[in-house]
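So the structure is just underneath, and the comments pick up after that.
The values are calculated or read from the model by the stated rules, or taken from the named source; none is laboratory data. Model, not experiment: these values are computed from the prediction. Please note: Cβ atoms are built from the backbone with ideal geometry, for glycine as well, and neighbour counts cover all protein chains shown. What goes into the accessible areas is simple: the full protein's heavy atoms, side chains included, and nothing from ligands, DNA or RNA. Shrake-Rupley method; radii C 1.70, N 1.55, O 1.52, S 1.80 Å.
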Amino acid sequence: MEKKKKFLVSAVYYLTISAIVFLFFKYAVFVIMPFIIGFAVAAVLNPAVRFFCQKFDMKRKPTALLILLLFYATIGMLATVLVVRMTVTVGAVSEKLPGLYADTVEPALGRAFEYVNRLIARFDRVPDNELADALTSFFNSLKSSIGETVSNISVRAITALSGLAAAVPKFIIELLFAVISSFFFIIDYEKIVGYIKSRLPERAIGIMTDLRDKFFVTVIKYIRSYALIMLITFAELFFGLILLGCENAALYAFLIALFDVLPVVGTGAVMIPWALIELIRGNLRYGIGLIVLWAIITVVRNIIEPKIVGTQVGLPPLLTLISMFVGSKLFGFFGLIALPVGMSIALSVIRERNQLSSGTK
């Protein structure tokens, strides 16, 4: 009975902690996200501020402000260039879609229909060409549906860009709070951290320090693992596109590999439309080759991703796969990354506690 009681108490305890963590990350974390970002920026830049203050006997406040301004100027410049290029590219592609359909897709469908119609005419024994009439009606409705779909895609893309533009004010307000809070955090970072430490017991400070170190180590390993996956995807794409005779294979392989890093997007967002366009144009070898290449990359990625990520962050491949799936379902793209990192840190802490307890025994 004592063992059962201990088990029930432990289960309730860990379930309660898990529920609190879940509710925090599901609801509260996004409310206070600007301040979390501000504190994170201050924590990352604080070693540089401390170094310059100690090395050159500089005052903390102007040094912190200068480093923070340089950091935000660099990030802002890169973000501006990226957003402008992406917006221009999406807008240009959206505008060209109807023309691409009219010049390429519709003539190709017409040629395919004429071929099928001639083929059927040789063997058609149905009186009054009922089958040919049915096929003509089907083709016209298909052509109309595809045309409407292409137009809708263009309209939706422009609408999405307008929606993003409408969401910019809210994003700017939250970003402004993050930037302002980071100024306050970095100026008084040492005082804030010192005050928090003075209010916590030594054991809690040790646990928080240990968790912080494990978090940064795990994140670095996570970045390293996805960089390796991206390199493997790039190599597959590069050699596959060279075999297909693609010009600028290295550039295309690099851009598609960047898309592949985003699990929500993946290589299929680029390669499947590309393959369909080539098939419609009549480039059967090229289109089929792109589909085969995409299938190989997808299979290889699904096999190596759990293994590489699990090996790097210290999780078994199956547990990595489960945590990535559950994290994406619960928290979206954020959970896809955060849950495996959290599981790795938790397992690392459990292993250390087991080693300490076994050593004590």
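Could you list all residues from region 30-59 that are among the hydrophobic types (A, V, I, L, M, F, W, C), more than 33 Å from the chain's Cα centre (by Cα) and open to solvent by 90 Å² or more (accessible area, probe 1.4 Å)?
Of all residues in region 30-59, those among the hydrophobic types (A, V, I, L, M, F, W, C) come to 30-33, 35-37, 39-45, 48-49, 51-53, 56, 58.
Subset that is more than 33 Å from the chain's Cα centre (by Cα): 51-53, 56, 58.
Across region 30-59, the qualifying residues are Phe51, Phe56.
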How many residues of region 219-262 are of a type in the set (D, E, K, R) and farther than 21 Å from Ile337 by Cα? The answer is 2
When you go through (1) surrounded by fewer than 18 Cβ atoms within 10 Å (Cβ to Cβ); (2) modelled with pLDDT under 80 one by one for Gly335, which number turns out not to apply? (1)
When the residues of region 15-58 are filtered to those that are of a type in the set (Val, Ile, Thr) and at pLDDT 85 or above, which remaining residue is farthest from Val326 (Cα to Cα)? Val49
What are the pairs with Cβ atoms under 6 angstrom where one residue, in region 21-40, is within 25 Å of Ile186 (Cβ to Cβ) and the other, located anywhere, is at pLDDT below 85 and open to solvent by 70 Å² or more (accessible area, probe 1.4 Å)? Sequence gap at least six, or different chains. Pro34/Glu174
Taking only region 167-196 into account, find how many residues are charged (D, E, K, R), open to solvent by 100 Å² or more (accessible area, probe 1.4 Å) and modelled with pLDDT under 85. 1
Matching residues, region 289-332, being closer than 15 Å to Lys221 by Cβ, open to solvent by 70 Å² or more (accessible area, probe 1.4 Å) and of a type in the set (D, E, K, R): Lys307
Top-ranked residue of region 199-227 - restricted to ones that are open to solvent by less than 70 Å² (accessible area, probe 1.4 Å), farther than 20 Å from Met324 by Cα and free of Cβ contacts under 8 Å to residues at least 12 places away in the same chain, ranked as nearest to the chain's Cα centre (by Cα): Thr209
For region 228-250, does any single residue satisfy the condition of being within 30 Å of Ala43 (Cβ to Cβ), open to solvent by less than 50 Å² (accessible area, probe 1.4 Å), touching a residue at least 24 places away in the same chain (Cβ under 8 Å) and in a helix (DSSP H, G or I)? yes
